[in-house]
Amino acid sequence: MSAPTRRSAEEIGSTPTGPRPLPDLGPQRAVPAPDEVDTVLGSGLRVIAVRRAEVPMVELRLRVPFADPAGTGTSDHAAVAEVLSTTILSGTRTRSRVGIDDDLAGVGGEIGFSVDPERLAVSGHALAEGLDTLLDVLADLVLAATHPDDELARERDRLVERIELASAQPSVIARRALQERRYGDHPVTREMPRAEEVTAVTADAVRALQDAALRPGGSVLVVVGDVDPGDAVARVEKALAGWTGGRAESLPALPALTARDLLLVDRPGAVQSQLRLSAPAVGRTDPRYPALQLANLSLGGYFSSRLVENLREDKGYTYHASSSLELDAHGAALLVETDVASEVTAPALLETRYELGRLAVVPPTAAEVESARRYLVGSLLISMTTQAGYASTVASLAAHGLSSAWIREHPARVEAVTVDEVAAAAAEFFAPTRFTGVVVADAAASADGLRALGGVEIPS
Amino acid sequence: MTSSVTAPGSTDSTAQGLHRRVLDNGLRVLLVPDTAAPVVGVAVHVDVGFRSEPEGRTGFAHLFEHLMFQGSESLEKLAHFRHVQSSGGVFNGSTHQDYTNYFEVLPSAALERALFLEADRLRAPRLTAENLRNQVDVVKEEIRLNVLNRPYGGFPWILLPPVLYDTYPNAHNGYGDFTDLEQADLDDAAGFFDAYYAPGNAVLTVVGDLDPDDAAALVEKHFGDIPARAVPERPSFGEPPPDRERRDTVTDANAPMPALAVGYRLPDPATDLPGYLAHAVLASLLTDGEAARLTQRLVYGDELVTDVSASCGLMGAPLDARDPDTFTLTAVHPASVEPDRILGAVDEELATLAAQGPDPEELRRVTARWASSLHREHDRLMSRMLALGSAELVQGRAELADELPGMLAAVEPAAVAAAAGSLRPDSRAVLTVTPGGAA
């Protein structure tokens, strides 16, 4: 071949042909609904089984409402629940910790537990031929976990170390501060217990919580994979026959979000600042929801949005800026977030507020709405193409009392939204005066700028 | 088109054949129909990574990746993002040791549009001083977010190589120093593009709900008229393994606990693939799952560490780089534990495995987990596409991506024992991270 080419940047950027037209979209093949069984067992456990046979695997999701029965932010529920979800894999009456893992590994399986203020979530998978083993281990953990004293003491220490580690992460500091700013001491704020609360948790408290709170009524189990749905439900019913009695505890409605100044949280020496702004919104069953989703996308819900194009692509303040909807069983909240260089903390807040105000009074154009609409419909399609994605989507819908029909029908709802409806949602939900939130930053470097802007509470 | 080879379907149940072509300009093309869902993926893997960036320009390969998103002859700044997303798709790019990839996954209606977008920037990217300055700022924020402002930032992928390796390509920081990034100019960018982004230096992978003949015609239509350019000779990055244990320590102002990373050299996958894969299985035996050897010993037995993890490669996935590549072991531990106690326990466990080999049932469980995790990964079209593209570019055989579960299941206990024996204390790098004041 010839000698290496060496051109200027300008020469590289143009060809004799000149700019070419963007090809049109072709026809889109529709997706048939997969075979599914959605039923409630005598125990009150809702079971949803779906056949998706792309790979020889099966995915499992269990969601148990697991709220603090005391309903206050000062109880030790969050810490006990966290230890429970950590030590539940330490052994059962018939399996040791290693025995549990060996049985799962034999069928290419894994199972994990996590807990948040709303629910206990179990996520698992295995080779499809190992479904019975996976269900057998799950039933054993739910019904016969022993939380052995020595394992519990060790896991508790490891958990304390992990919490200390996580508590140093700026994103975690910002999340905790935001939850308290938004919801005071409501149990929803207790996403991660404090290390000292975990240290005080006893084995008896963990066993008592497992007996009292791990209930089938109101819980949902989802099985998606290379299975026959009717047969999978029968296997679930057989494996979990011993799980009966009572309803699981649901999280009470969150306090109404009220507009307030942002709170500056000092993180001395930080090279980057976290901005978190939040306002009340509406959830999936509200008729305004699809219009709200499109307005949110236009602001910062994807890359081609006003926030990203301003803060990142125009100003270079940040690697990442976003706006999203946080959904719970009762409603929803808008969350606008970005991490920026310390020296541009105040300018970035100014631009963020500007974009919120602009969305409210200069609503998304027809082109912006159409782009957001295509993205929403397409990303919904893509997220449902994997067994794991499908299982998680169905489980989170079911946890909020909806079925897979909701997601199948949602593209049609999104297609029907008008530009005027998006403008109405933008004006109703995004006005900067509706927001509260926090700024985590080095106060010495950023307080003066924030004070000049106003609307930020600066602790002295 | 100068050639077309159709490989028979592999053992993967979703595989519907893998079709290879080479365009006249040298672009290698992989067409992989997978009609499970009405989506398609398009990826371009370019044969240049951060090991190839010039001295004094650390971080340039990654910075250049950002520039490739900033517009091209037919696309204004930001148009690429808008067109992918307004077609319902998602996109990204990433820079590795030996390659850089650019990709999108979209509803299948957008196949031609995606090919157009990738072809336009491979033909004529719009490199401007303004975009360069803006993306230097964005990259600096990315580095602050992922390295400077978080505990264990760059651990171990930035921090371990300078201890294990001597030469600039292997040892330097691929994210780059801020001073180097700030000095990068437009002429660097033009030179880098002309040197490395020739069509003959790239692989185009198209996966999903497509007809191979139709897709081939669209590929020819959009990529066929990119002129051929000289393909750079690929340098060897080879250097001798360390002849002793090398140690270094760094301070991390954000870290709450000390940490330790150990690096060993891996067999060259190009000449000793079975040896390399035995190391991948070994990594799983050591730290994957509650029953794994080092998890048992270090976390539960001696209670020396809170977390331990072993892997083949610095970026988390095996077979992601050419030789030389790194077997990595990391652990986070309480300040009361001396790193040498951890190293001593690791050496004992490796010696036991080298002498006795793994139990066949233990090995079977590890490979069942590998098979299952690869099935799950390949259920996601984006992951399978990227695995196929990087296997074709880096290892010369896309089929490796689909054959990996079977190959791992075939690894014998003796090969794992030999791999354990090869991780010698007198030929490794040890990096310790100390929490502490201003770094």
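The values are calculated or read from the model by the stated rules, or taken from the named source; none is laboratory data. Since we're looking at a predicted model, the values are computed, not measured. Please note: Cβ atoms are built from the backbone with ideal geometry, for glycine as well, and neighbour counts cover all protein chains shown.
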Taking A:D211, is it touching a residue at least 40 places away in the same chain (Cβ under 8 Å) and out of contact with any Leu (no Cβ under 8 Å at 6 or more places or on another chain)? no
When you go through B:R82, B:R57 one by one, which is the residue that is among the basic types (K, R), under 19 Å from B:L127 (Cα atoms) and in a loop (DSSP other than H, G, I, E, B)? B:R57
Return the pairs, sorted by first residue and then second, in which the second residue is among the acidic types (D, E), the first residue lies in the range B:138-151 and is facing another protein chain (nearest Cβ under 8 Å), the beta carbons are less than 6 Å apart, and the residues are 6+ apart or on different chains. B:L145/A:D339
Look at B:L393 and say whether it is part of a helix (DSSP H, G or I), under 28 Å from B:N201 (Cβ atoms), in contact with a helix residue (DSSP H, G or I) (Cβ under 6 Å, 6 or more places away or on another chain) and touching a residue at least 24 places away in the same chain (Cβ under 8 Å). no
I'd like to check something: does the range A:268-288 contain any residue that is part of a helix (DSSP H, G or I) and either of a type outside the set (F, W, Y) or surrounded by 22 or more Cβ atoms within 10 Å (Cβ to Cβ) (or both)? no
Checking the conditions here, which among A:V340, A:V308 is within 12 Å of another protein chain (Cβ to nearest Cβ) and either outside any helix (DSSP H, G or I) or surrounded by fewer than 21 Cβ atoms within 10 Å (Cβ to Cβ) (or both)? A:V340
Looking at this structure, is A:L327 crowded, with 23+ Cβ neighbours inside 10 Å and of a type in the set (A, V, I, L, M)? no
Which of the numbered conditions does B:Y168 fail, given that it passes all the others? Conditions: (1) modelled with pLDDT of 95 or more; (2) under 30 Å from A:S171 (Cβ atoms); (3) of a type outside the set (S, T, N, Q). (2)
Given the condition within 14 Å of A:Y302 (Cβ to Cβ), under 19 Å from the mean Cα position of the chain (by Cα) and within 10 Å of chain A (Cβ to nearest Cβ), answer yes or no: does some residue in the range B:68-83 qualify? no
Answer with yes or no whether B:N92 is assigned to a strand (DSSP E or B), out of contact with any strand residue (DSSP E or B) (no Cβ under 6 Å at 6 or more places or on another chain) and of a type outside the set (G, A, S). yes
Could you tell me whether the range B:99-111 includes any residue that is in contact with a Phe, Trp or Tyr (Cβ under 7 Å, 6 or more places away or on another chain), in contact (Cβ under 8 Å) with a residue 12 or more places away in the chain, buried (at least 20 other Cβ atoms within 10 Å of the Cβ) and at the interface with chain A (Cβ under 7 Å from one of its Cβ atoms)? no
From the list B:L314, B:L329, which residue is at pLDDT below 95, away from every other protein chain (no Cβ under 14 Å) and either surrounded by 21 or more Cβ atoms within 10 Å (Cβ to Cβ) or not in a loop (DSSP other than H, G, I, E, B) (or both)? B:L314
Provide a single number: the residues in the range B:113-127 that are within 7 Å of chain A (Cβ to nearest Cβ) and out of contact with any Lys or Arg (no Cβ under 8 Å at 6 or more places or on another chain). 5
Going through A:D157, A:D185 one at a time, which residue ends up being in a loop (DSSP other than H, G, I, E, B) and surrounded by fewer than 22 Cβ atoms within 10 Å (Cβ to Cβ)? A:D185
Given (1) part of a helix (DSSP H, G or I); (2) surrounded by fewer than 22 Cβ atoms within 10 Å (Cβ to Cβ); (3) more than 11 Å from chain B (Cβ to nearest Cβ), A:P363 misses just (1)
Quick test of your reading of the structure: A:T74 fulfils all but one of (1) buried (at least 22 other Cβ atoms within 10 Å of the Cβ); (2) more than 21 Å from the chain's Cα centre (by Cα); (3) of a type outside the set (F, W, Y); (4) more than 18 Å from B:A291 (Cα to Cα). Name the failing condition by number. (1)
Out of the residues in the range B:194-237 that are more than 19 Å from the chain's Cα centre (by Cα), of a type in the set (G, A, S) and not in a loop (DSSP other than H, G, I, E, B), state the one that is farthest from B:M385 (Cα to Cα). B:A195
Scan the range A:211-223 for residues that are over 22 Å from A:A329 (Cβ atoms) and surrounded by 23 or more Cβ atoms within 10 Å (Cβ to Cβ) and jot them down. A:V223
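Can you tell me which residue is nearest to A:V58 (Cα to Cα) among those in the range A:125-137 that are more than 10 Å from chain B (Cβ to nearest Cβ) and crowded, with 22+ Cβ neighbours inside 10 Å?
Among residues in the range A:125-137 that are more than 10 Å from chain B (Cβ to nearest Cβ) and crowded, with 22+ Cβ neighbours inside 10 Å, the one nearest to A:V58 (Cα to Cα) is A:L131.
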Would it be correct to say that A:R276 is over 25 Å from A:T393 (Cβ atoms), touching a Gly at 6+ places or on another chain (Cβ under 6 Å) and of a type in the set (K, R)? yes
When you check B:A417 against the structure, is it crowded, with 18+ Cβ neighbours inside 10 Å, in contact with a Pro (Cβ under 8 Å, 6 or more places away or on another chain), among the aliphatic types (A, V, I, L, M) and part of a helix (DSSP H, G or I), yes or no? yes
Among the residues of the range A:236-260 satisfying the criterion of being more than 15 Å from A:L335 (Cα to Cα) and charged (D, E, K, R), which is surrounded by the most Cβ atoms within 10 Å (Cβ to Cβ)? A:E249
